[in-house]
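Working notes for the structure below.
Just so it is clear, none of the values below were taken in a lab; they were calculated from the coordinates. All values reported here derive from a predicted model rather than from experimental measurement. Please note: Cβ atoms are built from the backbone with ideal geometry, for glycine as well, and neighbour counts cover all protein chains shown.
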Amino acid sequence: MRSGARRRAAAVVMTAAAALGIGVEAAAAGQGLVLAGPWAPGQHGYGHVKPRTIFNGGDPTGLVKAIHWSSWGGPRATGTGTALWVGPHQIVAQGKFETGARIVLFQRGRCHGRSAYNAIEWYFPQHGQKFSAGTYINACTGTYYMDGQPDP
């Protein structure tokens, strides 16, 4: 494609992105799907495409950083990052940041008028943890779920 045609195509993509209310970065990447949210102030990564950092706000157990996404756009988005591991019978202050935390986004739908992954979970396979579709945070509302039921 010639450079003039490329510029026109880019302008069309950016105009369409603005008209549809999705970010230019997402449109340019061909992906309008975001991590749902945010649901509270002080959060990072929510409402964005392929965030490198996700932070729920509050204590460091709600932080995953240096995320590398291995998939995005399908029924599930998966990645690996660094998160705080707090072992059994430990308090948060005894936790240590570890690489290899797996993050899974799922339950595609809509949040705040955007196409989004509405569920988020991360876990530590190196400590024997496994993905469980019933244990997650609803990234649109902030509701925590355990075994598929809202956690009071």
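I'd like to know how the stretch 66-152 sits against the 2.2 N^0.38 Å rule of thumb: what's its Cα Rg over that expected value?
Against the compact-globule rule of thumb, the ratio is 1.15.
So, counting K/R as plus one and D/E as minus one, what does the shell of residues with Cβ under 13 Å around THR82 add up to?
Taking every other residue near THR82 into account, the sum is +3.
For SER115 and GLN149, what is the calculated FRET efficiency with R₀ set at 22 Å and r taken between the beta-carbons, to the nearest 0.05?
For R0 = 22 Å, the calculated efficiency reads 0.25.
What is the ratio of the Cα radius of gyration of the stretch 31-70 to 2.2 N^0.38 Å, with N the residue count, to two decimals?
Here the Cα radius of gyration is 1.13 times the empirical estimate.
If Lys and Arg each add +1 and Asp and Glu each add -1, what is the summed charge of the other residues whose beta carbon sits under 15 Å from the beta carbon of TYR136? Walk me through the numbers before you get to the answer.
Numbers: positive: ARG76, ARG102, ARG108, LYS130; negative: GLU121, ASP147, ASP151.
Summing Lys/Arg as +1 and Asp/Glu as -1 gives +1.
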